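> There's a structure below that I have some questions on.
The values are calculated or read from the model by the stated rules, or taken from the named source; none is laboratory data. Since this is a predicted model, take the numbers as computed values, not measurements. A quick note on method: Cβ atoms are made from the backbone with ideal geometry, for glycine too, and the neighbour counts reach across all protein chains shown.
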């Protein structure tokens with residue numbers, strides 16, 4: 001099993017209040033969830049008006065299934081930000097392998113084999 005994670009940091013130069021910040025974040029999270037069937041949430045900069053961070057996560061059977069998905073998500077977020085007058089200031093992503101969950105006798109996430 002592989003977990004794909006990405007965090008997007010944004011600068012929202014036109015944002016003057018929490019309502020404007022939410023009007024940028026809420027549709028973005030909704031579209032990410034609906035279009036890509038991934039989890040998305042605001043993960044940082046809650047107290048800053050002109051900064052925001054969205055974290056996304058997806059689970060799949062292997063890296064080959066998640067790498068193209070992650071690339072499409074990055075392209076979508078960058079395009080969305082540009083359309084909305086925001087700037088993506090940083091993108092961090094990682095693929096974490098958690099072991100073969102479906103193998104007979106395997107223990108979830110175990111690094112060692114059973115005797």
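> Residue by residue through the stretch 19-36, note down the ones that are at pLDDT 90 or above and loosely packed, with under 13 Cβ neighbours inside 10 Å.
26, 27, 30, 34, 35
> Quick check on residue 84: is it surrounded by 12 or more Cβ atoms within 10 Å (Cβ to Cβ), more than 14 Å from the chain's Cα centre (by Cα) and either modelled with pLDDT under 95 or at positive phi (or both)? Break it down stepwise before answering.
Details: surrounded by 12 or more Cβ atoms within 10 Å (Cβ to Cβ): yes; more than 14 Å from the chain's Cα centre (by Cα): yes; either modelled with pLDDT under 95 or at positive phi (or both): yes.
Yes; evaluated as a whole, the condition is true for this residue.
> Could you check the stretch 13-50 and list, in sequence order, the residues that are in a loop (DSSP other than H, G, I, E, B) and closer than 23 Å to residue 72 by Cβ? Spell out the reasoning first.
Going residue by residue through the stretch 13-50, those that are in a loop (DSSP other than H, G, I, E, B) are 13-17, 37-38, 45-50.
Passing the criteria: 37, 38.
> Could we say that residue 57 is surrounded by 15 or more Cβ atoms within 10 Å (Cβ to Cβ), under 10 Å from the mean Cα position of the chain (by Cα) and closer than 15 Å to residue 5 by Cβ here?
Against the criterion (surrounded by 15 or more Cβ atoms within 10 Å (Cβ to Cβ), under 10 Å from the mean Cα position of the chain (by Cα) and closer than 15 Å to residue 5 by Cβ), residue 57 does not qualify.
> While we're on this one: Residue under question is residue 77, and the condition is that it be in contact with a helix residue (DSSP H, G or I) (Cβ under 9 Å, 6 or more places away or on another chain), surrounded by 15 or more Cβ atoms within 10 Å (Cβ to Cβ) and either at pLDDT 70 or above or part of a helix (DSSP H, G or I) (or both); does it hold?
yes
> Please find, within the stretch 51-66, the residue that is modelled with the lowest pLDDT out of those that are in a helix (DSSP H, G or I) and in contact with a strand residue (DSSP E or B) (Cβ under 7 Å, 6 or more places away or on another chain).
It comes out as 63.
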